[in-house]
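Here's the structure we're looking at; comments come further down.
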Amino acid sequence: MFFIQAAVLGSWLPRIADVKTNLALSEGVLGLVLLALPAGTITALSIASPIIKQYPIARILLIALSAWVLAFILVAASSSAATLAIALACCGLVVGVLEIASNVEADSIERRIDKRIMSRCHGFWSLGAMFGALLGGPVFGQQGVSVLNQFLILAPLTVFISFFATRQLTFTTPLPVDKVTDANKTDNAKSNTRFPLTGPVFIMCLIPMGIMAVEGSIMDWSAVFMREQLHTDARIAGYTFAVFAAISAAMRLSGDWIAERWGDVLVVRLSGVAATLGIALFATAANVPMALLGAALAGAGVAIVYPLTMSAVARVNDAHREDNVAYLSIAAFSVMMISPPLIGGIAQLFSLRIGLLMLVPGAILTFALAGKLKAR
């Protein structure tokens, strides 16, 4: 599920420039239009959890994954900035539902099999994003396939794969008796209304925020930094994010084993240290090797914190897992959306190096709050 969701998104990212050209959009207009997707996502995260409580997760995932790829057909078929923004907002609404449902289901599977999988799920999200980028760029883009035809090809494949994949979410391994009892109590306690944000959940929402700001800013600004500050060519600038993404994916795929071996609190603390050192090193880099080392450290630091916090926040109140997951997702997506423009504003007033250094306190906050993670 994580891989499919990310692959669809990844296939869209390399085609943004084609849509910009086709619709003759300026950079400023495109920037505003692209905000529609995260705005739709945050809206969905704010209202979707009561709906998700009502229906089987497998059904929700099948419908949402199908709607996710079909919505990009509307994106590709857009004829103006206004229709593009509406279509992207629809995509955001769908992916907000996917974010809650997939993470809640990953937590449920962890409980049923008594084994960590959350970090690996997010690792497969990273792999899916890279796979999708290859589809959208070298496979479709460079072969001259239109954006609309690309998603017309991907839509039936995605729906077909999602149909058979979601059928595997019907469990054959029964829960232990004590867990069945707890699950029944949980079902009876669930409410159709949003559960209020509690103190422990609020603290956990703070834990990954600095990390997510680092991730969002590296995604948006690393290439610009390498070109403008270190005067590299486009190839080296591209390698910078590739190093960041590859290290992050590798850490996520091994994150369950790492957390099992060393414990959530220590892993999150070390991640906060790595992210802090990484972004500081990157922002002050005087040469390419130093910047690549900073990007690698930052990638290792941001990789595991969010999935570990996701597992922890789902256990704060079993009766309202969907609400807790939604709150954490809102916090994470909001800071990822807001931090890059803020960095750009600071860079305009001072410099991009100063802007990136402003991320250091948030990464330190992750280190400081790691002890608040709920014990497994």
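Restricted to the stretch 62-91, and to residues that are of a type in the set (G, A, S) and more than 20 Å from D18 (Cα to Cα), which residue is surrounded by the fewest Cβ atoms within 10 Å (Cβ to Cβ)? Full working, then the answer.
Of the residues in the stretch 62-91, the ones of a type in the set (G, A, S) are 64, 66-67, 71, 76-82, 85, 87, 89.
Still in the running and more than 20 Å from D18 (Cα to Cα): 64, 66-67.
On the way: A64: 26, S66: 19, A67: 17.
Of everything passing the filter in the stretch 62-91, A67 is surrounded by the fewest Cβ atoms within 10 Å (Cβ to Cβ).
Identify the single condition in (1) surrounded by fewer than 17 Cβ atoms within 10 Å (Cβ to Cβ); (2) touching a residue at least 40 places away in the same chain (Cβ under 8 Å) that V33 does not satisfy, given that it satisfies every other one.
Only one criterion in (1) surrounded by fewer than 17 Cβ atoms within 10 Å (Cβ to Cβ); (2) touching a residue at least 40 places away in the same chain (Cβ under 8 Å) is unmet by V33, namely (1).
Considering (1) out of contact with any Asp or Glu (no Cβ under 8 Å at 6 or more places or on another chain); (2) within 24 Å of M226 (Cβ to Cβ), say which one R261 fails and leave the rest.
Unmet for R261, out of (1) out of contact with any Asp or Glu (no Cβ under 8 Å at 6 or more places or on another chain); (2) within 24 Å of M226 (Cβ to Cβ): (2).
Could you tell me which of the residues S146, S119, S162, S191 is more than 23 Å from the chain's Cα centre (by Cα), at pLDDT 90 or above and small (G, A, S)? Spell out the reasoning first.
Numbers: S119 fails: more than 23 Å from the chain's Cα centre (by Cα); S162 fails: more than 23 Å from the chain's Cα centre (by Cα); S191 fails: at pLDDT 90 or above.
Being more than 23 Å from the chain's Cα centre (by Cα), at pLDDT 90 or above and small (G, A, S) holds for just one of S146, S119, S162, S191, which is S146.
Consider F333 carefully, then state whether it is out of contact with any helix residue (DSSP H, G or I) (no Cβ under 9 Å at 6 or more places or on another chain) and not assigned by TED's automatic domain parsing to the domain that holds L45.
Working: out of contact with any helix residue (DSSP H, G or I) (no Cβ under 9 Å at 6 or more places or on another chain): no; not assigned by TED's automatic domain parsing to the domain that holds L45: yes.
Criteria not met by F333.
Let's see how each residue does on (1) touching a Gly at 6+ places or on another chain (Cβ under 8 Å); (2) of a type outside the set (S, T, N, Q):
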site	(1), (2)
M290	no, yes
G299	yes, yes
A312	no, yes
D323	no, yes
S334	no, no
S339	yes, no
Q348	no, no
S351	no, no
A368	yes, yes
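Out of A24, A6, which single residue is out of contact with any Cys (no Cβ under 7 Å at 6 or more places or on another chain) and on the phi > 0 side of the Ramachandran plot? Explain how you work it out, then say what you get.
On the way: A6 fails: on the phi > 0 side of the Ramachandran plot.
Only one candidate passes the filter, namely A24.
Yes or no, residue by residue, for (1) more than 19 Å from the chain's Cα centre (by Cα); (2) without any contact (Cβ under 8 Å) to a residue 12 or more places away in the chain; (3) in a helix (DSSP H, G or I); (4) within 19 Å of D220 (Cβ to Cβ):
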position	(1), (2), (3), (4)
L253	no, no, yes, no
I258	yes, no, yes, no
V267	yes, no, yes, no
S271	no, no, yes, no
L277	yes, no, yes, no
A285	yes, no, no, yes
M290	yes, yes, yes, no
L293	yes, no, yes, no
A300	no, no, yes, no
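Can you tell me which residue within the stretch 337-355, out of those that are among the aliphatic types (A, V, I, L, M) and touching a Phe, Trp or Tyr at 6+ places or on another chain (Cβ under 7 Å), is nearest to A286 (Cα to Cα)?
As a first pass, look at the stretch 337-355 and keep what is among the aliphatic types (A, V, I, L, M): 337-338, 342-343, 346-347, 349, 352, 354.
Right, trim to touching a Phe, Trp or Tyr at 6+ places or on another chain (Cβ under 7 Å) and you get 343, 352.
Working: I343: 20, L352: 14 Å.
Here the answer is L352.
Hey, among K53, K20, which residue is of a type in the set (D, E, K, R) and closer than 27 Å to L152 by Cβ? Working first, answer last.
Details: K53 fails: closer than 27 Å to L152 by Cβ.
Criteria check complete, one pass: K20.
The values are calculated or read from the model by the stated rules, or taken from the named source; none is laboratory data. It should be emphasised that the depicted structure is a prediction, and the values quoted were computed from it without experimental measurement. Reconstructed Cβ throughout: ideal geometry from the backbone, glycine too, with neighbour counts over all protein chains shown.
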